[in-house]
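> Mind looking over this structure? Questions follow.
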Amino acid sequence: MRKSWILVCFVNFFIASLMGLLLRWMYVAPIAGVNFQFLMHGHSHVAMLGWVYLMLYCLIFHFFVPKESQQKPIYNQLFWITEIAVIGMMIDFPAQGYAFASILFSTLHIFCSYWFCYLIWKDAKPTSFPEKRMLNTSLFFMVFSTLGVWCLGPAVGIMGKASAFYQIAIQFFLHFQFNGWFLFAVLSLFFKQSKLNIDEKKFRLFYNLFVSSTVLTLALPVSWSLSNPIFYWINAIGIVIQLFSAMLFIQLIQSQFQAFFNPLSSLEKMVYRFALLSLALKIIIQLAVLVPELAQVSHEIRNFVIGYIHLTMLGIITGFLFGFALQNDFLNSQNKIQKLGIYIFLLGFVATEILLFLQGTWLLLKSGAFPNYYQNLFFLSIFLPAGLLLLTIGIFKLKSKII
């Protein structure tokens, strides 16, 4: 694994976190000349495509591509072309929003992701059935999610940005990125790391239920644009199926989990616990949406929306990515700077999540806003880029060029 690849991923994440911090400052004191919506597009694209996508690129390449295939120059070339697309979005989205240049770089990133899928399908050699099935499904969902992106142009041209078609196309992309590509890829890497001897029959049942729930729970964001009771019931079925798949997942790993878990360092154990707890909280929140009144307001209270997105992105996905990085010495659990960086980052994440969900609950109960809510949210958010800065410095100071 190239040190430069990992460093670039963390630099992207740090920049995305600075954009997020600026967004929260703009609630305290608007900044002349800075468009909130444009900056938000930049923040979300760099976080998703510059951090999560590229970190998964690194880890999938490292764990699933055999050494002889890793020597192919195409992987290094593709990584840097993808990073050029990220830098383009990093600059152009905050400056112009959705305009020619930002759309051009976004399209370049999509075509890079297609080429990456082709390379991995051709070269990857997972060693177990669960790894292979989860990896291939994650790549399928990555490609499948982009159907939403290709629908955006026709949606705007035919019905406009305010149309249900346009909104559903966006939600389609986001749903299958977060709950499809990202989550399935992370679980494929988890099966690889844990080296568990999985019962194939039970795994097949878990897998079928998990895929079904992923598809069915798209009904909730669709219901925000199309008012029809059928979407509530489809989502409810998906959530119940997801609960059963979670129970099966626990059964699959519990008997051997300690053999994987015990040799880990205390920091690695904490990060993995954090990721698994975040996954459990995500499922609990989705169960809460079975209450029809909560399903109705789930997207209307912005604090809940941001809190849920960050729970998935920073809690589950980033939690697992940190765990994999620590376990394989891409991050060093003995390095005091990086250790402190992880603690500060997690402190900032937990504190901001608590504040977001508390404020959302207050609004739900029509109790108004916390005193100095935006100031406090901004202050607590400082911990996120501060922690990432320490992690990035720690990687930069590593002497070796290959980790």
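The values are calculated or read from the model by the stated rules, or taken from the named source; none is laboratory data. Note that the coordinates shown come from a computational prediction; the quantities given were computed from them, not determined experimentally. Please note: Cβ atoms are built from the backbone with ideal geometry, for glycine as well, and neighbour counts cover all protein chains shown.
> List every residue pair whose Cβ atoms lie under 9 Å apart, where the two residues are 6 or more positions apart in sequence or sit on different chains, the first residue falls within region 288-314 and is surrounded by 14 or more Cβ atoms within 10 Å (Cβ to Cβ), and the second residue, located anywhere, is of a type in the set (Asp, Glu).
Within 9 Å, the pairs are Gly307/Glu353; His310/Glu353; Leu311/Glu353; Leu314/Glu353.
> Considering only residues that are farther than 21 Å from Leu174 by Cβ and either under 17 Å from the mean Cα position of the chain (by Cα) or of a type in the set (Val, Ile, Thr) (or both), which ones fall in region 93-149?
Residues satisfying the conditions are Ile120, Thr127, Leu135.
> Out of Thr107, Thr146, Thr127, Thr137, which single residue is among the β-branched types (Val, Ile, Thr), assigned to a helix (DSSP H, G or I) and over 27 Å from Met19 (Cα atoms)?
Numbers: Thr107 fails: over 27 Å from Met19 (Cα atoms); Thr146 fails: over 27 Å from Met19 (Cα atoms); Thr127 fails: assigned to a helix (DSSP H, G or I).
The conditions single out Thr137.
> Filter region 369-396 for residues that are among the small types (Gly, Ala, Ser) and more than 16 Å from Tyr27 (Cβ to Cβ) and give the result.
Answer for region 369-396, where residues must be among the small types (Gly, Ala, Ser) and more than 16 Å from Tyr27 (Cβ to Cβ): Ala386, Gly387, Gly394.
> Would you confirm whether any residue within region 148-160 is of a type outside the set (S, T, N, Q) and under 26 Å from Leu279 (Cβ atoms)? If you could, list the steps in order and put the result at the bottom.
From region 148-160, those of a type outside the set (S, T, N, Q) are 148-160; that's our starting set.
Checking which are under 26 Å from Leu279 (Cβ atoms) leaves us with 148.
Yes, that holds for at least one residue.
> Quickly run through region 220-255 and pick out the residues that are touching a residue at least 24 places away in the same chain (Cβ under 8 Å) and more than 25 Å from Tyr207 (Cβ to Cβ).
Within region 220-255, Ser223, Trp224, Ser225, Leu226, Tyr232 meet the criteria.
> Pairs only if they're at least six apart or on different chains, beta carbon under 8 angstrom, first in region 20-46 and touching a residue at least 60 places away in the same chain (Cβ under 8 Å) and aromatic (Phe, Trp, Tyr), second in a helix (DSSP H, G or I) and surrounded by 14 or more Cβ atoms within 10 Å (Cβ to Cβ); list them, first residue then second.
Trp25/Phe378; Tyr27/Tyr374; Tyr27/Leu377; Tyr27/Phe378
For every residue, the table says whether it meets (1) under 20 Å from Trp51 (Cα atoms); (2) surrounded by 14 or more Cβ atoms within 10 Å (Cβ to Cβ); (3) modelled with pLDDT of 95 or more.
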site	(1), (2), (3)
Leu152	no, yes, no
Leu183	yes, yes, yes
Lys195	no, no, no
Leu209	no, yes, yes
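> Need the failing condition index for Leu187 against (1) in contact (Cβ under 8 Å) with a residue 60 or more places away in the chain; (2) of a type outside the set (Asp, Glu); (3) buried (at least 21 other Cβ atoms within 10 Å of the Cβ), just the number.
(1)
> Identify, please: which residue in region 342-392 is surrounded by fewer than 21 Cβ atoms within 10 Å (Cβ to Cβ) and among the hydroxyl-bearing types (Ser, Thr, Tyr) and is, among those, farthest from Ala288 (Cα to Cα)?
The residue in question is Tyr343.
> Next up: Any residue that is under 15 Å from the mean Cα position of the chain (by Cα) and of a type outside the set (A, V, I, L, M, F, W, C) - is there at least one of those in region 274-284?
Yes.
> Any residue in region 66-79 that is among the aliphatic types (A, V, I, L, M), in a helix (DSSP H, G or I) and surrounded by 16 or more Cβ atoms within 10 Å (Cβ to Cβ)?
yes
> Has region 325-340 got at least one residue that is within 30 Å of Trp224 (Cα to Cα), crowded, with 19+ Cβ neighbours inside 10 Å and touching a Gly at 6+ places or on another chain (Cβ under 7 Å)? Walk me through it before giving the result.
First pass over region 325-340, keeping only residues within 30 Å of Trp224 (Cα to Cα): none.
The answer is no, given that none of the residues of region 325-340 is within 30 Å of Trp224 (Cα to Cα), crowded, with 19+ Cβ neighbours inside 10 Å and touching a Gly at 6+ places or on another chain (Cβ under 7 Å).
> Which members of region 10-58 meet the condition of being of a type in the set (Ser, Thr, Tyr) and surrounded by fewer than 18 Cβ atoms within 10 Å (Cβ to Cβ)?
Tyr27 - this is the single residue of region 10-58 that is of a type in the set (Ser, Thr, Tyr) and surrounded by fewer than 18 Cβ atoms within 10 Å (Cβ to Cβ).
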